Each structure stands twice: as C-alpha cells, then as structure tokens.
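Undergrad: Structure below; questions to follow.
The values are calculated or read from the model by the stated rules, or taken from the named source; none is laboratory data. Computed from a predicted model, the values in this text were never measured in an experiment. Positions of Cβ are backbone-derived with ideal geometry, glycine not excepted, and every protein chain shown enters the neighbour counts. The protein model used for the area step is the full one, side chains on, heavy atoms only, and it has no ligands, DNA or RNA in it. Shrake-Rupley method; radii C 1.70, N 1.55, O 1.52, S 1.80 Å.
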Amino acid sequence: MQTLLQARATRFLQKWLQRIPIVRTMIEYLSAVNVAADDGSNLHRLSYEAWQNRFLLARIRLAFGLGLLISWSFAVLDLGRSILRQQILGWDDVAAKLATLIGLLGFWYLSDTRWGARHLRVLFLGFLLSLQVIPETIQVCLSPTLPYRVPPSLFGWAFGFFAQATLVPVRWPLHVLSQVLSLVHSFGLREFLGTAIRSSPIQSRFGLLLELFWICLVCDLSVYLYERLQRAEFNARTKLSEAYGQVEAAEAKYRSIFENAVEGIYQSTVSGQFTSMNPALARIFGYESPEEAIATIKDISALYVEPYRRQQFQAALMADGQVVGFESRICRADGTTTWIAENARAIYNRRGLLMGYEGTVGDVNARKVAEVEVRRALEAERDLSQMKSQFVSMTSHEFRTPLTTILASAEALEHYGERWGPDKSRSYLQRIQNMVHHLTELLESVLILGQADAGRLKFQPTWLDLEQFCAGLVEEMSLNLRQDQTISFQTVDRPAVGRLLELDEKLLRHILSNLLSNALKYSPEGGTVRLRLVYGAETVKLSVQDRGIGIPSADLDRLFESFHRAGNVGTIPGTGLGLTIVQRSIALHGGQIHVTSIEGEGTTFTVTLPTRNAKPLPRAIDLTAASNPPAADLSEPPN
C-alpha cells in the first residue's frame, strides 16, 4: 500500500513539475543531449566512432552551457559582495572571470558551426582552457602582489577535471591530454615566474601534485570504464538492431507470403472462431477482407453445408494430429456453395494443452465440378454402351423375325404360288405387308428417338381440336383390334363451347398411339382400354388405363429408359422405345406423365399438358362421348 502511494505521489509530482515551462524546457534539453545507442537511429549504418563523435558534440555543448551558468553565478556573487560589503573588486579577478565567460561563450558558439563539428578535440580542450588556463594566466599576470602570493585555482582544476569526466565521458586519452596540458601550463608558468606553487604555506608541491594525480586518475579511470561500457552497449544495441532488422525482414517476407498466398491460410480456436486469416481465405468465403470475415463468422461449423463435418474434422485432428485433403462443401457469404480442401494441424502449448488449429484451405470447386462432369460423362458412356448393346439385342430379334417371315413367305410364293389358290397367296402377301409395316414402325421409332437425342425433334404446335383428334385416333386403332378387345373414349368437364388448343399433332400422335398400343399389347386376355380426356382451367389430362399384366415396382424407375422392358413381358414383342418417345414428346410440350401400376392388375398412364393458348371452334361440332367413339356422338357429356 505504501509503495502504491509513493508511486502515485511520484507521478503526480512529475506531472506537476512538467507543467512549469523552465522545467519542461530543461527536461527536453537534457533528453536531446542524452545521446544513447538506442535513440532510434539506424545503428547498422552508423559506426561506433561516428556515434561517439555525435555523443561528444552534444555533451560538449552541455558542458559549455553549464560552465556559462556557473561563471555567471560567481560573477553575480562577486558583484553582490562588492555592493553589499562595499568591497572594491580587483582588476585581476574581474579580468579572469570576464575571460572565462568570453572563452566559454566563444567555444560554445564554435560548437554550433561546421568547423566545431570537425574539430571536436579543440572544443574539448577549450573547455578546461576557458575554466582554468586562461583565468589563472590573467590573474597571475595582472595580480598587484607577488606571483607566489596568488594561490593556485584548485577549484578550477577539480571542477574542470570532474566536469569533463562526468559531462563528456568519452575518449579517455583526450582527458589525459587535457590534464597534462593544464598541469604543465600551471606549474610551468609558476616556475617561469620564479615562484613555487603550493596549495598552502605548509604543503609542498609534491603533496599538491599527489592530490592532483589521484583526482586525475579517478577521473580517467571513470571515463575509461564508462567508455568501455558505452562501447559494449553500442555493440549490443547494434546487434540488437541488426536482429530487429532481420526479424522485420523475415516478418515482411512471411507477411508477404501470408498476404499473397493463393491458398487460404488461417488460425482458429478450438471452440470454432478464426483468430487470423489471409485475404485468399476471405475471398474463398466470399468476403472483401479478412477483418470482415473474422468479425462475421462467429462459428466455423456454420460454414459447412453438412454440420457434422466440423466434428469429423476435429475428430481426425485429435486422432492423427493433422488432416490432409479434408474436403467439404461450405456456404459462402452470398449464399452460394463451394467445395474446399483443408490441410490442418493441431497446436499444443508446452504443457501439452490443445490451443487451436492452423492450416490451409484450397478452393477445389472447379475440380469437383469437373469430377461430376467426368462422372456424368462416364455414366452417359456406360448408358450409351448399354443402349448400344440393347439396340443390337433388340434389332437382332425385332429385325430378324420379320425378315425371316418375309423371306419365308417370299420363297413360298416363289415355289408354290402357282399351285396355291388366290386366297392362300393373298394371306402370304398380307403377312409380308404386315412385317414390312412392323419394320417401318420400328425404324421410325429409332429415327424419332435419334432426333430427340440430337435435339432435332422440334415442337411445332398448331390449332387442334383435341377431342376430335382423340376420337379419330381411337377409330383408327379400333380397326385392328382383336375380337376380345375394345377401346373406350370418354370426355370429362368438356367446355360449353368447343375449343381449339395449340398442340403439336405429330408429337401428340406419338404419345397416344404408343400408350394405346402398349395398353392393347400388354393385355393378352383382352378387355377394354379406357382413354379419358379431362379438361382443366390451364391443363388437359389424357389418361390411358388397361387391365393387363401391369408393371413390376422394380421396373418403374427405369420405365422411360431407352430399350428397357419390364421383367414380366415374357415373349410379348416390343422394342423398349415407345415410352421413351412418349416422355420426350411430353417434355417438348412442357407437360408431365404419371404412372400407377399394380402387377397383374393393370396400369394407368396420365399425361398432363398445359393449354398455353385456346380459341373457340370456328363452327359448332356436335360430339357425344361414348364407350365406342366411331359409332357415338361425342358432343354431349357421357351418361
């Protein structure tokens, strides 16, 4: 508590003293002349001698300034004594003090010139010259008494030596030279005037010299030690400055690598917050700067599309200490997603505690997209290969059987036609015609599918009376029915005024003819195939229902694949192309097809087509829906 109070009192006193202008000026001045090795200069560009010269110049100016203040103080003291005590000042004292002031002022002025900066040794010797040599010489020469009565200026000697040692503690050889010149001058001048120099009547010159010797030795030794300390400090500071420079260069180097790396680099806490990241990672996450990303992303696990990926990432790090190529899909700032690959390692302190994670992040979205495209291409190639295989299998069966029938019938007609009657020959000709029609339909189906795959199957709508079209198609297909088969056509929710719809008649024929023919073909026990036309506000629905063998549930997903046939068709002929053509034709209309089927009970196909445009019939047509359209009036609703 007492230490805290003392510290607070000291800070308060310092602040209060610094508010006084003269104290503040003195502190600033002393800070300027206190040239140290760590003053912020580039020490690796500055030699010790250059720094020492700068230090010497600053301290010489300080010494001259203090010398002027001291000399002025003694001058004022002598003036006050002469006035108060009415004592007459001697010319020798006045001249000595005046010479001291002039000498100090002159050398102080020279220290601020280029000449003074180049002759620091002269300035250094001039300090003791102004304080001791010049005043003593004038005083001895102008003294009205005998020279031996003028006591030596021990204060001048001691002050000069100690002032140089404390204020300008550099280059101890200069101190020795200054001391030798001062003593030679003093003792030589006294000897030249024929007087023995003593500090008192009872003290010998040897005793005075011994006192001065020890003063000089202490001063020189302190300067020598201080200079060695300064050199050691300068060398240490120089090495430290070089080390700082190397650290700054290394930091700049690695900062450049960090900032300009193509891959994202980061550090994060265990709890899931980023502590640092580079601009590349911020761009991967969709942010303008790392600062924005760090401030926005509060939980790293929220970045992953699959939240469990963060737990898997941490589990891998805990198990192996690092992860390599950890791929995940993340959400970017704009809501889009992208794929990343992480390489990371766990960071532990000296006690083995987990502190966080660091690693790199690469954007691999382009590669993942390319992989998906390659996979799709491989699947497409596999499907194409399978399709080719199925096509070869289908053609080998579907083409070979009709061609064999045609060839056999033609050979029979060739060899036995003259002996057969007209009826039998006509039956063989009809068989040939039927097989040719079958082959023509097969080739037409293949061509239509090829056009659809190549994008050449076009949607070319025309105005069409759908109800009349369906009735005509039913009538057409009813001509080739077996005796145990019928087709029922029914219209539901017919509008009061007939409408023409904008549909592609050719594609619509492909749709209904394939659905009706399949319904008839896969109903071996006969029965009624129902075709229903349901009008809606914006769509029309066409449903074809049969009571045939049905479709196994395992085949429903592949029902519209080319050349695919259900597993329960047995020996019923077929190419596996009809439903594929139906689907492509419906897609060109922008419609949909839905299938419901129970194996052994029957199948219902529902086709929904949009009615983009409609217009009334140009004339009234009286049609009545009935179970057998060719003999029924379809203008009225069914009973």
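Undergrad: Go through the range 127-153 and give me each residue that's modelled with pLDDT of 55 or more and among the β-branched types (Val, Ile, Thr). Steps first, please.
TA: Here is the first cut: in the range 127-153, the residues modelled with pLDDT of 55 or more are 127-145, 152-153.
The answer is 133, 134, 137, 138, 140, 145.
Undergrad: I'd like to verify a number: residues in the range 523-536 that are in a loop (DSSP other than H, G, I, E, B) and under 17 Å from residue 606 (Cα atoms), how many?
TA: Of the residues in that region, 1 qualify.
Undergrad: Considering only the range 184-210, how many residues are of a type in the set (A, V, I, L, M), within 21 Å of residue 129 (Cα to Cα) and either surrounded by fewer than 18 Cβ atoms within 10 Å (Cβ to Cβ) or at pLDDT below 60 (or both)?
TA: Residues of the range 184-210 of a type in the set (A, V, I, L, M): 184, 189, 193, 196-197, 202, 208-210.
Subsequent filtering for residues that are within 21 Å of residue 129 (Cα to Cα) retains 184, 189, 193, 197, 208-209.
Pick out the ones that are also either surrounded by fewer than 18 Cβ atoms within 10 Å (Cβ to Cβ) or at pLDDT below 60 (or both) and you get 184, 189, 193, 197, 209.
The qualifying residues number 5.
Undergrad: Please go through the range 211-245 and pick out each residue that is touching a helix residue (DSSP H, G or I) at 6+ places or on another chain (Cβ under 7 Å) and among the hydrophobic types (A, V, I, L, M, F, W, C).
TA: Hits for the range 211-245 are 212, 215, 216, 219, 223, 234.
Undergrad: Something else: So which of 431, 426, 456 is under 20 Å from residue 586 (Cβ atoms) and either at pLDDT 75 or above or outside any helix (DSSP H, G or I) (or both)? Reasoning before the result, please.
TA: Details: 431 fails: under 20 Å from residue 586 (Cβ atoms); 426 fails: under 20 Å from residue 586 (Cβ atoms).
Exactly one of 431, 426, 456 is under 20 Å from residue 586 (Cβ atoms) and either at pLDDT 75 or above or outside any helix (DSSP H, G or I) (or both), namely 456.
Undergrad: Let me ask another. Hey, does the range 272-290 have a residue that's modelled with pLDDT under 90 and of a type in the set (Ser, Thr, Tyr)?
TA: Checked the range 272-290: no residue is modelled with pLDDT under 90 and of a type in the set (Ser, Thr, Tyr).
Undergrad: Shifting gears a bit: Considering every residue within the range 293-300, establish whether at least one is touching a Gly at 6+ places or on another chain (Cβ under 6 Å) and either more than 19 Å from residue 360 (Cα to Cα) or loosely packed, with under 15 Cβ neighbours inside 10 Å (or both).
TA: Yes - at least one qualifying residue is present in the range 293-300.
Undergrad: Still on this structure, please answer the following. Hey, among the residues in the range 348-366 that are closer than 25 Å to residue 289 by Cα and without any contact (Cβ under 8 Å) to a residue 60 or more places away in the chain, which one's least open to solvent (accessible area, probe 1.4 Å)?
TA: 364
Undergrad: How many residues are within 12 Å of residue 297 (Cβ to Cβ) and among the polar types (S, T, N, Q) if we restrict to the range 270-284?
TA: Residues flagged as within 12 Å of residue 297 (Cβ to Cβ) and among the polar types (S, T, N, Q) within the range 270-284 amount to 2.
Undergrad: Consider residue 508 carefully, then state whether it is touching a strand residue (DSSP E or B) at 6+ places or on another chain (Cβ under 7 Å) and open to solvent by less than 10 Å² (accessible area, probe 1.4 Å). Let's see the steps before the verdict.
TA: Numbers: touching a strand residue (DSSP E or B) at 6+ places or on another chain (Cβ under 7 Å): no; open to solvent by less than 10 Å² (accessible area, probe 1.4 Å): yes.
No.
Undergrad: Working carefully through the options 261, 250, 243, find the one that is among the aliphatic types (A, V, I, L, M) and either within 22 Å of residue 362 (Cα to Cα) or surrounded by 12 or more Cβ atoms within 10 Å (Cβ to Cβ) (or both).
TA: 261
Undergrad: Tell me the residue from 490, 460 that is touching a residue at least 12 places away in the same chain (Cβ under 8 Å), among the polar types (S, T, N, Q) and more than 29 Å from residue 569 (Cα to Cα), please. Before you say what the answer is, go through the steps one by one.
TA: On the way: 490 fails: more than 29 Å from residue 569 (Cα to Cα).
One residue alone meets the criteria, 460.
Undergrad: List every residue pair whose Cβ atoms sit under 6 Å apart, with the two residues 6 or more apart in sequence or on different chains, where the first one lies in the range 544-559 and is in contact (Cβ under 8 Å) with a residue 40 or more places away in the chain and the second, anywhere, is open to solvent by 80 Å² or more (accessible area, probe 1.4 Å) and in a loop (DSSP other than H, G, I, E, B).
TA: 550/599; 550/601; 552/599
So that you can scan it fast, the table gives a plain yes or no per residue for (1) at pLDDT 80 or above; (2) touching a Gly at 6+ places or on another chain (Cβ under 7 Å); (3) farther than 17 Å from residue 506 by Cα:
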| position | (1), (2), (3) |
| --- | --- |
| 410 | yes, no, yes |
| 416 | no, no, yes |
| 435 | no, no, yes |
| 439 | no, no, yes |
| 452 | no, no, no |
| 463 | yes, no, no |
| 488 | yes, no, yes |
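Undergrad: In addition: Among (1) of a type outside the set (Phe, Trp, Tyr); (2) under 18 Å from the mean Cα position of the chain (by Cα); (3) part of a strand (DSSP E or B), where does residue 346 come up short?
TA: (2)
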